[in-house]
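**Student:** Have a look at the structure that comes next, please.
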């Protein structure tokens with residue numbers, strides 16, 4: 001169960017102002033019977049909930065600190081507050097702390113003409129140098145005891161000096177380590193509206209002064225300044241101590257100084273203070289004719305000034321009568337410590353490591369001069385409406401003008417919020433949070449940008465799904481990422497091309513003459529199997545031409561090893577076809593065979609066609625040659641034929657064999673063609689011997705050494721099954737050459753008459 005007490009425990013060490021803010025917020029909004037905040041049910045722990053609130057609201061104080069630094073409070077021309085500082089120099093002159101109470105009584109006497117003298121010090125123990133304490137210590141020495149009894153105890157001297165002064169105020173220190181007894185207040189208290197108990201800082205106890213000193217003082221106030229806060233941004237006016245409302249030293253000092261007897265606390269739902277039925281906290285404190293506006297927790301927002309602007313006097317100079325008593329007439333005197341060993345050090349928005357008494361002095365100055373920083377209850381609502389307005393505007397702008405327009409609007413809201421905050425602080429003394437509206441606007445901007453991105457990605461996903469069936473993944477990604485890819489034009493690139501075709505497709509078609517639908521299904525299934533291998537090897541399928549596949553590598557993205565990828569794709573296609581044929585042979589009793597042509601070279605690749613309809617494809621002679629090589633695969637009896645440029649670019653170790661010097665149809669220049677095997681029937685030394693003999697065979701053939709060439713054929717035609725058809729072709733060629741007497745200037749090239 002989320003309770004206020006659990007929140008207290010989880011934020012012991014956080015900024016006190018933020019603690020108070022959360023205290024009021026949670027008190028206002030959290031149903032104590034359930035984990036609900038503003039109608040939203042929480043499932044996380046109290047610590048986690050508090051942490052989330054800290055993250056969300058922590059920026060407020062950063063903004064206020066910045067405004068303080070930009071425009072600190074101006075120093076007063078006639079400062080009514082004087083600080084008597086027990087500093088290091090005073091300790092050097094008058095001795096270590098604590099000083100004897102008779103010395104402090106002289107300090108009270110020196111300031112007896114002041115409106116009030118307040119001690120930012122607790123006198124919780126008896127003076128160790130007092131005659132009463134010494135009497136107890138030396139009770140066995142009757143003569144000494146007799147003389148000591150003639151001397152007034154220092155605490156009594158101090159108390160009498162306070163009675164004579166009549167307007168001395170003492171400080172007390174609230175804590176949660178002990179439980180205090182109730183103390184009879186020296187003031188009247190009127191409460192209008194909601195009880196302030198649940199809004200005020202709450203302590204279980206208080207370290208107080210000696211009863212004799214309390215009875216002699218005109219008032220006692222809490223010295224608490226910012227609690228556990230690292231930076232003091234506000235000062236409490238009242239605190240709850242063991243169920244009793246205790247004023248702050250700042251407020252009690254002011255009450256005694258102006259001679260007021262009663263405080264009036266005005267909270268929400270008081271007369272003239274509408275809260276629409278909700279408890280929104282404390283609104284103001286009235287003291288005599290002085291009205292002190294506060295935040296919901298009863299804290300006075302501190303408008304800091306630099307300590308160099310304060311009237312500070314070292315204590316030893318006052319005790320040495322450096323200052324006349326008349327100097328303090330009409331002044332409010334605060335006695336505090338800045339000595340390094342007394343540890344009363346605070347930080348404000350402007351300065352670090354300043355004495356705590358100087359912060360109290362600044363609070364009193366503000367009240368006397370009516371210089372209040374205010375943050376009305378409606379301010380948070382106004383900030384929210386401002387942020388909401390610009391959020392809606394940003395959403396509309398993004399829809400009509402895109403993210404850039406939304407960004408410009410967000411920046412405009414940013415500047416408006418920052419300037420409004422600065423203007424309100426500088427001219428109206430309003431604390432306007434410039435960051436909360438910006439957080440709302442930024443959140444809206446990020447949300448709508450996210451959804452626009454999401455919708456864009458969904459559209460891109462549609463593109464990918466639509467085109468992934470016939471384009472390489474790289475091309476699909478390129479289309480989805482940039483519209484530049486959808487413009488006409490091309491670039492010159494060195495690429496590798498693959499053509500694949502089903503051998504004997506006409507005969508196969510005849511067998512499906514009565515069932516063309518089944519033929520279509522067969523072709524689609526086979527092309528799917530073969531295409532998958534191309535795509536798996538990073539190839540781009542350019543197009544399907546009946547039973548033929550055209551694919552390429554090294555576009556649209558660069559591929560350093562594109563020739564090896566194409567060759568591997570052909571091997572994988574061969575294996576996939578073998579697996580396909582297992583089932584196909586069971587069904588139809590026959591096998592499918594394919595021919596593959598692979599070539600490499602420079603060509604133009606890009607979007608070709610018209611402005612309304614185009615295709616990402618390639619143009620160039622190397623493409624045509626790859627198509628011609630595929631046509632020759634059946635002629636030579638090999639599943640794949642490779643061009644010279646492809647072989648030159650290969651980096652992988654494969655079983656490569658030169659086949660012929662051929663002049664394909666449509667080309668005037670002959671080209672060398674090759675084949676390659678992933679697996680070969682011959683191994684090791686036998687394979688090496690065959691490779692050498694095959695080279696010798698081609699050399700003798702091209703030099704018209706027919707008989708020697710035939711000898712090589714006769715040696716290997718029965719041993720190498722892969723070359724059966726190949727050697728049969730060359731035997732016929734040699735026979736024809738002998739009969740028709742070849743041209744003596746023949747270059748060894750075979751002129752192909754078919755594609």
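**Student:** Would you mention how many residues in the range 243-267 are touching a strand residue (DSSP E or B) at 6+ places or on another chain (Cβ under 7 Å) and part of a loop (DSSP other than H, G, I, E, B)?
**Tutor:** Matching residues across the range 243-267 total 2.
**Student:** Of the numbered conditions (1) more than 50 Å from the chain's Cα centre (by Cα); (2) surrounded by 15 or more Cβ atoms within 10 Å (Cβ to Cβ), residue 325 fails exactly one; give the number of that condition.
**Tutor:** Evaluating residue 325 over (1) more than 50 Å from the chain's Cα centre (by Cα); (2) surrounded by 15 or more Cβ atoms within 10 Å (Cβ to Cβ) leaves (2) as the failure.
Yes/no matrix, rows are residues, columns are (1) modelled with pLDDT of 95 or more; (2) outside the structural domain of residue 629 (by TED's automatic domain parsing); (3) in a helix (DSSP H, G or I); (4) under 13 Å from residue 748 (Cβ atoms):
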residue	(1), (2), (3), (4)
662	no, no, no, yes
666	no, no, no, no
669	no, no, no, no
675	yes, no, no, no
714	no, yes, yes, no
719	no, yes, no, no
724	no, yes, yes, no
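**Student:** Could you tell me whether the range 571-590 includes any residue that is under 23 Å from residue 504 (Cα atoms) and either part of a strand (DSSP E or B) or in contact with a strand residue (DSSP E or B) (Cβ under 7 Å, 6 or more places away or on another chain) (or both)?
**Tutor:** Yes, the range 571-590 contains a residue that is under 23 Å from residue 504 (Cα atoms) and either part of a strand (DSSP E or B) or in contact with a strand residue (DSSP E or B) (Cβ under 7 Å, 6 or more places away or on another chain) (or both).
**Student:** Still on this model: Scan the range 343-353 residue by residue and report those that are part of a loop (DSSP other than H, G, I, E, B) and in contact with a strand residue (DSSP E or B) (Cβ under 7 Å, 6 or more places away or on another chain).
**Tutor:** Passing the criteria: 344, 347, 353.
**Student:** Another question about this same structure. I'd like the residue in the range 607-635 that is at pLDDT 90 or above and assigned to a strand (DSSP E or B) and, out of all such residues, is surrounded by the most Cβ atoms within 10 Å (Cβ to Cβ).
**Tutor:** Among residues in the range 607-635 that are at pLDDT 90 or above and assigned to a strand (DSSP E or B), the one surrounded by the most Cβ atoms within 10 Å (Cβ to Cβ) is 618.
**Student:** Filter the strands (runs of 3 or more DSSP E) completely within the range 156-236 down to those with at least 3 residues that are more than 16 Å from residue 255 (Cβ to Cβ) and touching a residue at least 24 places away in the same chain (Cβ under 8 Å).
**Tutor:** 168-175, 205-207
**Student:** Moving on. Every residue in the range 389-420 that is in contact with a helix residue (DSSP H, G or I) (Cβ under 7 Å, 6 or more places away or on another chain) and more than 12 Å from residue 445 (Cα to Cα), please.
**Tutor:** 414, 417
**Student:** Starting from the range 240-269, take each residue that is outside the structural domain of residue 183 (by TED's automatic domain parsing) and list its partners that are modelled with pLDDT under 95 and surrounded by 24 or more Cβ atoms within 10 Å (Cβ to Cβ), counting only C-beta distances under 6 angstrom and pairs at least six apart or across chains.
**Tutor:** none
**Student:** Moving on to the next point. Of all residues in the range 536-550, how many are under 47 Å from the mean Cα position of the chain (by Cα) and buried (at least 18 other Cβ atoms within 10 Å of the Cβ)?
**Tutor:** Residues flagged as under 47 Å from the mean Cα position of the chain (by Cα) and buried (at least 18 other Cβ atoms within 10 Å of the Cβ) within the range 536-550 amount to 6.
**Student:** Of the conditions (1) surrounded by fewer than 22 Cβ atoms within 10 Å (Cβ to Cβ); (2) over 41 Å from the mean Cα position of the chain (by Cα); (3) over 19 Å from residue 334 (Cα atoms), residue 214 fails just one. Which one is it?
**Tutor:** (3)
**Student:** Among the numbered criteria (1) crowded, with 16+ Cβ neighbours inside 10 Å; (2) touching a strand residue (DSSP E or B) at 6+ places or on another chain (Cβ under 8 Å); (3) in contact (Cβ under 8 Å) with a residue 24 or more places away in the chain, which one does residue 386 miss?
**Tutor:** (2)
**Student:** Looking at the range 100-109, can you tell me whether even one residue there is more than 17 Å from residue 310 (Cα to Cα) and assigned to a loop (DSSP other than H, G, I, E, B)?
**Tutor:** yes
The values are calculated or read from the model by the stated rules, or taken from the named source; none is laboratory data. Since the model is a prediction, treat every value here as computed from it, not as a measurement. Every residue, glycine as well, gets a Cβ built from its backbone with ideal geometry; the counts of neighbours run over all protein chains shown.
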